[in-house]
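**Q** Below are the structure tokens for one structure; questions will follow.
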Ligand code: NAD
């Protein structure tokens, strides 16, 4: 047996003979630091400062030709090296995602391995882009081979084991029991991790406005902040964040919505269209202010990042304006764990291969509480909207295959020609957390031919979503520590990044981006952007995929 790598927490049941005796999985190991030797990077005890040349080009169509002019803009990035002591406060911590994430962190932190029918299983962070995927940082001159490191090594990032866990739920079931209710994790793991989960205790009471989630959730709502005064609710949430921060001596709290999908909020002029109107609407307890919007506003006013892992339009225009005003970070919407992730790869593959998808028909069935909530029409609508625009940018990028919109076209026609795209979700209790997703891609190929591809995708929903919550939280914390100055604009001071964290797009189905800028749905472009940004912060440019040395003599 491998030597002990973790000391026993002393909390496991006597049968937990495996605790601390299985080596740490590579995805849970502490990263090896990287030092870049370049005139473009300087390191101090406090900061890493890098120079970055943003290379692009301006392309204009005029007089029957494209005129293209390369551009270079110099920037500097400053990253604070000290990782914040970070708390993760989940809204909906007692749900499938919340309990699975908490148990995963605790199992990794305490080195809890467990028996399955196929042997001993070790805790890990598989499925986390930051912890379990790698990037090339160069070639080893002695071998000529590329050197790969985990993405989490590029810059100092919070280790998931170090996150302090807490949060709210309208269900007051203590965390050990809530994990049991979720029916996601193997029993031998649940049995061992339960005493640690019990220490997190009962979730904080939350706000419950029955109109926003499905009526079938009512029976769960036994842990709610009393009253209907939304201003008082906002103040309670702010006090909860402050108290959690103080109790655990935290530098930073990431607030993460992993609660039920809400219905869409109506955007009403004078109510939620500007920051001031929204704050006034909260004061007057306007019925169209949703719980998730209140959590977002509370986080923004506390200066803590807020991420929305569900599809509803939490970020009404008033929230975005408030985040801009307070320079407080927000990111969303909706975790991209299974079908949509595959679709963003598959549709891109087809369109980039010069094949024309005519229809994409997606069918899902699932049996967990998320599926139960989504079986109500208004909540399904939120999910349908978030899943539906995922192929838009790929279609827009190829007007050889799809006709552009006619000038002045309105409504649906404003999108131009588009594949038919439908999404169906059905609640089938028997399959529990094991979601089934079936997609048919029906495409036009050469000389009027047709091609049909069917994909059947079985996802353990919460096991795919959990690592995304970790990635989003860890990146959100990191991005609060990165500042920039635009040298061509004559900036002398470093400024924080723009509050909408579109660099989180890889993990999100309907990425929220800076108003007026285009959404990128292509998974490979989203990953390249993240990789390029992190590398820019340590003075490394480009992805290196050109591999020029392999193309020349
Ligand atoms: P879940 O139903 O198991 O958990 C949601 C929890 O939120 C429940 O415990 C519920 O009591 C609680 N809740 C509801 N309203 C609340 C409120 N106002 N305040 C505090 N708690 C509240 O669902 P899940 O499977 O954990 O998924 C969570 C969310 O993530 C859902 O909105 C789902 O659509 C979204 N999501 C999940 C996945 C996935 O793969 N699991 C993927 C994308 C998005």
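Read-outs: derived from the displayed coordinates by stated rules, not from any lab. Computed from a prediction, not measured in an experiment: that's the story for all the values here. Every residue, glycine as well, gets a Cβ built from its backbone with ideal geometry; the counts of neighbours run over all protein chains shown.
**Q** How much of the DSSP bridge set in the stretch 361-508 is antiparallel, in percent, rounded to the nearest 5?
**A** Beta bridges within the stretch 361-508, antiparallel portion: roughly 75 percent.
**Q** Express in whole angstrom the spacing between the alpha-carbon centres of the stretch 130-155 and the stretch 241-279.
**A** Their Cα centres are 37 Å away from one another.
**Q** Suppose the chain between residue 53 and residue 431 were pulled fully straight at 0.36 nm per residue; how much longer would it get relative to their current alpha carbon spacing?
**A** My answer for the length gained is 131.0 nm.
**Q** Taking the mean number of other Cβ atoms within 10 Å as a proxy for protection, how do you rank 276-288, 323-335 from highest to lowest? Write out the running numbers ahead of the final one.
**A** Values: 276-288: 16.7, 323-335: 21.8.
Going from most to least packed, we get 323-335, 276-288.
**Q** Which length gain, in nm to one decimal place, applies between residue 551 and residue 73 when the Cα-Cα distance is subtracted from 0.36 nm times their residue separation?
**A** Taking residue 551 through residue 73 to full extension adds about 169.2 nm, to one decimal.
**Q** Please state the shape class of the stretch 198-329: rounded when a/c is under 1.5, otherwise prolate if a/b exceeds b/c and oblate if not, all from the C-alpha gyration tensor.
**A** Verdict is oblate for the stretch 198-329.
**Q** Restricting to the chain, what percent of DSSP beta bridges are antiparallel, rounded to 5?
**A** On the way: 55 of 82 bridges.
In the chain, DSSP labels about 65 percent of beta bridges as antiparallel.
**Q** Also, quick follow-up: Can you give the FRET efficiency for residue 524 and residue 358, using 1/(1 + (r/R0)^6), R0 = 25 Å, r = Cβ-Cβ distance, to the nearest 0.05?
**A** That pair, residue 524 with residue 358, gives E of 0.60.
**Q** Something else about it: In percent, how large is the relative contact order of the stretch 102-164, given Cα pairs closer than 8 Å and 6 or more residues apart?
**A** Averaging sequence separation for qualifying contacts and normalising by length gives 26 percent for the stretch 102-164.
**Q** Another question about this same structure. If you average the sequence gap of Cα pairs under 8 Å that are 6 or more apart and divide by the length of the chain, what percent do you get for the contact order?
**A** 17
**Q** Could you grab the relative contact order for the stretch 214-354? Cα pairs under 8 Å, six or more apart, rounded to a whole percent.
**A** 25
**Q** Among bridges DSSP assigns within the stretch 39-170, what percent are antiparallel (round to 5)?
**A** 85
**Q** Here's something else I'd like to know. Can you work out the FRET efficiency for the pair residue 377 and residue 541, with r the C-beta to C-beta distance and R0 = 45 Å, to the nearest 0.05? Kindly include the intermediate steps, with their values, before the conclusion.
**A** Details: r = 49 Å, r/R0 = 1.09.
That gives a FRET efficiency of 0.35.
**Q** Counting each DSSP H run of 4 or more residues in the chain as -39500 (n - 2.57), what helix-only mean residue ellipticity at 222 nm follows after dividing by all residues, to the nearest 500 deg cm²/dmol? It would help to have the intermediate numbers written out before the result.
**A** On the way: 14 runs with 161 residues, N = 553.
Roughly -9000 deg cm²/dmol at 222 nm, from the helical runs in the chain.
**Q** Mind jotting down a quarter of the surface of the convex hull over the alpha carbons of the stretch 63-205, in square nanometres, one decimal?
**A** For the stretch 63-205, averaging the hull's shadow over all directions gives 16.9 nm².
**Q** In nm, what is the difference between 0.36 nm times the number of residues separating residue 458 and residue 246 and their Cα-Cα distance?
**A** This chain segment gains 72.1 nm when fully extended.
**Q** Let me make sure I get this right: for the stretch 320-387, a, b and c are the square roots of the gyration tensor eigenvalues over alpha carbons, sorted descending. Under 1.5 in a/c it's rounded, otherwise prolate if a/b > b/c, else oblate. Which is it? Please list the in-between numbers first.
**A** Numbers: a/c = 2.59, a/b = 1.24, b/c = 2.08.
The shape class here is oblate.
**Q** To continue, here is another question. Looking only at the stretch 318-358, which residues have a backbone nitrogen under 19 Å from a spot 7 Å from the Cα of residue 489 in the C-beta direction?
**A** Residues 321-330 qualify, since their backbone N sits under 19 Å from the label point.
**Q** Still on this structure: Going by average Cβ neighbours within 10 Å, how do the peptides 290-303, 486-499 rank, with the highest at the top?
**A** Top to bottom by mean Cβ count within 10 Å: 290-303, 486-499.
**Q** By the gyration tensor of its Cα atoms, with a ≥ b ≥ c the square roots of the eigenvalues, what is the shape of the chain: rounded for a/c under 1.5, prolate for a/b over b/c, or oblate?
**A** Details: a/c = 1.30, a/b = 1.13, b/c = 1.15.
Rounded shape, in that the Cα axes give a/c under 1.5.
**Q** Another question about this same structure. Of 252, 551, how do they rank once you tally other Cβ atoms within 10 Å and put the fewest first? Provide the component values of the computation, followed by the final result.
**A** On the way: 252 20, 551 7.
By the 10 Å Cβ count, ascending: 551, 252.
**Q** Using the basic label-point model (7 angstrom from Cα toward the beta carbon), what is the residue 143 to residue 412 distance in nanometres?
**A** Output for this residue pair reads 5.6 nm.
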